[in-house]
Structures are given as structure tokens and as C-alpha cells.
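Undergrad: Sharing a structure below in C-alpha cells format, with a few things to ask.
The values are calculated or read from the model by the stated rules, or taken from the named source; none is laboratory data. Just so it is clear, the structure is predicted and the values come from calculations on it, not from any experiment. As a convention, Cβ positions derive from the backbone with ideal geometry for all residues, glycine included, and neighbour counts pool all protein chains shown.
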Amino acid sequence: MQVRRRQLTDSLGSKFRTRIYGGAGDLQIELEDVATSTSMFFDLYNAELLAGFIMATRLTSPRSVPEEHTVGAYAAVYQSVREPVPAIRITQESGLILEIRSTFWDQLFAELNLVCAHVRARSYDSLDQYSGRELAAH
């Protein structure tokens, strides 16, 4: 089930789409480069890490930040790339590569923060409902 969808457009007219799929406990975040049709899925952990990596890369520009490595179902390596244009390169364990040019960083940072909040709220809602029933029984 798709719960949220947004399209981001940079100053050059390029587009990225973000989508959230699933229900509480099984949520996936999809980031798609419309021009290349490259689509990559993230869990909450990787989406939050990407948001932090975007900000770290932006704040240290023009220097690069060290690579970040994640584990789990969406294990990936996050790299700051300077040539031919500033970008963040994400390489998932499966070999899939997605590059996010600097023209998207601000919009994507904001969108990831909103998306992650929605994902957390859905997860907490299901836990709170369960916990509430359990607590009310005691």
C-alpha cells in the first residue's frame, strides 16, 4: 500500500520521486530518479542516515565527508562525490547505484525529515495501540 508520494524538481528541471509503502512495522521508503528510472528502497535507518549525510556533505563543502556504511536489508555505502558535479553516491549491497546531485540536497533533506516522521508515527501508532491494550488490561 502506498501511503505518501511526492515529486521534487531541481533548478535544472530534473525530478526525484519519494514514496512510502506498507503498514506499521513493514514500511519502505522509495527514492526514484525520474530521468534514469533508477529506484532504490530504504528503511527508516537508511533514510535517516541519508538525511544526516546530506547535511554533513553540504556543511563540509567543498571538502568530502568520510564514507558511511550501513547494514541490514538495505545495506549501503554512502559517498560524497565531487567530480564531475557534487553528488552523493549510494551503492546498495545488491550493486544498485543512485547518485543525488547537490541541486536536490536541500529539498531531499527536508522531504526525508518529513517522510521519516511519518514512518516513525505509523510505527509508534501500532506499538502504542498494542501497548495501550496491554496496559489497560493490567
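Undergrad: Considering 79, 28, which residue is farther than 12 Å from residue 92 by Cβ, in contact with an Asp or Glu (Cβ under 9 Å, 6 or more places away or on another chain) and either modelled with pLDDT of 90 or more or of a type in the set (Ser, Thr, Tyr) (or both)?
TA: Sole residue among the options that is farther than 12 Å from residue 92 by Cβ, in contact with an Asp or Glu (Cβ under 9 Å, 6 or more places away or on another chain) and either modelled with pLDDT of 90 or more or of a type in the set (Ser, Thr, Tyr) (or both): 79.
Undergrad: Right, something else. So how many residues does the range 92-103 have that are over 21 Å from residue 9 (Cα atoms), more than 13 Å from the chain's Cα centre (by Cα) and not charged (D, E, K, R)?
TA: Number of matching residues: 3.
Undergrad: Please enumerate the residues belonging to the range 48-71 that are in a helix (DSSP H, G or I), over 12 Å from residue 102 (Cβ atoms) and of a type outside the set (Gly, Ala, Ser).
TA: 48, 49, 50, 53, 55, 59, 60
Undergrad: Give the residues of the range 32-56 that are more than 20 Å from residue 121 (Cβ to Cβ) and surrounded by 19 or more Cβ atoms within 10 Å (Cβ to Cβ), sorted by residue number.
TA: 40, 53, 54
Undergrad: Restricting the range 57-107 to residues that are touching a strand residue (DSSP E or B) at 6+ places or on another chain (Cβ under 8 Å) and small (Gly, Ala, Ser), which is surrounded by the most Cβ atoms within 10 Å (Cβ to Cβ)?
TA: Once the filter is applied, the top-ranked residue is 76.
Undergrad: If you take the residues of the range 37-47 that are free of Cβ contacts under 8 Å to residues at least 40 places away in the same chain and either in contact with a Lys or Arg (Cβ under 7 Å, 6 or more places away or on another chain) or not in a strand (DSSP E or B) (or both), which of them is farthest from residue 18 (Cα to Cα)?
TA: 45
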